[in-house]
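These notes concern the structure reproduced below.
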Amino acid sequence: MKKKILSGHNFHREPFDILEDRFDITYPEKRYFKKEQILEIIGDYDVFIPNFSFFTDKEIIEKAVNLKLIANYGVGFNNIDVDYAAQKGIVVTNTPDSVLEPTAELCFGLMHAVARKIGFFNNKLREVENIGWGLYDNLGASLYGKTLGIYGMGRIGQAIARRAVASGMNIVYHNRKPVDVAIEEQYHARYVSFEELLSESDYISVNAPATAETYHIIDAKAIAKMKPSAVLINTSRGSTVDETALIEALKENKIYGAGLDVYETEPKINPEFFKLDNVVLTPHAGTQTLDARHDMQREVAKNILNFFDGGKISKVN
């Protein structure tokens, strides 16, 4: 008898083809299941693939009496009560490999967009009055020769560093502890304190998970230590940045600009951001390429197969 998978989202089918022979997969008729629908049926399933439409909380986990695995679609797992799942003997996995390159691509794209005012130029050129074309009109900033400070030198941070080094940038970083010397040498990266990262960097990329330690790590005090010419990029989690403090800094030109892919109350975005020309906004699009989405599904499928076959999984609890 086949084991049963409940898919919280109506995923494309092809990347899950490798599961079809061994599992019965239930998809929602529309884009995703609502929580009340999940609560009604999850007790019959061995595996749950959640989505970010709702929090996989104690109530859902209590109903999941046969559940053995929560195979999360994404590297972040703050959409799941991981500790309670562990108490119930349910394993939680994520997809760290497939998100690396697309997230690093978007981060680097945001750096370029903010530094060279690409969004500003695109918007102004569409207006009737347009913009000045003079020699010193609307000057942007360069990346070459500048210092990139990476807060969170994990795998995504290192993928960003690789792009930065290729563009002639210098790398400083801050982690709980320094990375291996071989990694530092590969990227010519220098470990610094958090305060040094803030004060030395021309560009700061936040690449940290949402934890109590990282909540509002970029606040008014942190921003005050940045260069007036600094650019802040956040492609990690919205809770790492105090948006009220950032908006004030952008309004008063305390820093040069910001590029944001994540927000404190997403999908709602503070409307004050829309009034600013020195911020570039994207809708949590770090992995929003067709290739990346399918790769993430394949990584979910691999976790499911390996879980039942005793192979390697990306376990988070």
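Numbers for the structure displayed
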read-out: Kyte-Doolittle mean at least 0.5, axial Cα span of 15 Å or more - DSSP H helices of the chain; value: 100-115
read-out: Rounded if a/c under 1.5, otherwise prolate or oblate - segment 11-144, Cα gyration tensor axes; value: prolate
read-out: Share antiparallel - DSSP beta bridges, the chain, percent rounded to 5; value: 5
read-out: Full-stretch length increase - residue 2, residue 289 - with 0.36 nm per residue and alpha-carbon distance subtracted; value: 100.1 nm
read-out: Computed over the chain: relative contact order in percent, which uses C-alpha pairs under 8 Å that are six or more apart; value: 18
read-out: Alpha-carbon gyration tensor eigenvalues x 5, square-rooted, for segment 100-281, Å; value: 26, 19, 14
read-out: Relative packing of 28-35, 162-169, which averages over residues the other C-beta atoms within 10 Å, highest first; value: 162-169, 28-35
read-out: Long-range Cα-Cα pairs in the chain (distance over 37 Å), rounded percent; value: 25
read-out: Equivalent ellipsoid semi-axes, segment 94-183, via Cα gyration tensor eigenvalues times 5, rooted, Å; value: 33, 16, 9
read-out: Burial ordering of 227, 58, fewest other beta-carbon atoms within 10 Å first; value: 58, 227
read-out: Exposure proxy order (Cβ contacts within 10 Å, fewest to most) of 126, 155; value: 126, 155
read-out: Set 35/88; 3/315; 251/275 screened for pairs whose C-alpha atoms are more than 18 Å apart; value: 35/88; 3/315
read-out: Stretchable slack from residue 176 to residue 124, in nm (0.36 nm times residue separation minus alpha-carbon distance); value: 14.5 nm
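Laboratory data are not the source of any read-out in this text; all were calculated from the coordinates shown. Keep in mind that what you see is a predicted model, and the values were worked out from it rather than measured. Cβ atoms come from the backbone with ideal geometry, glycine included; neighbour counts cover every protein chain shown.
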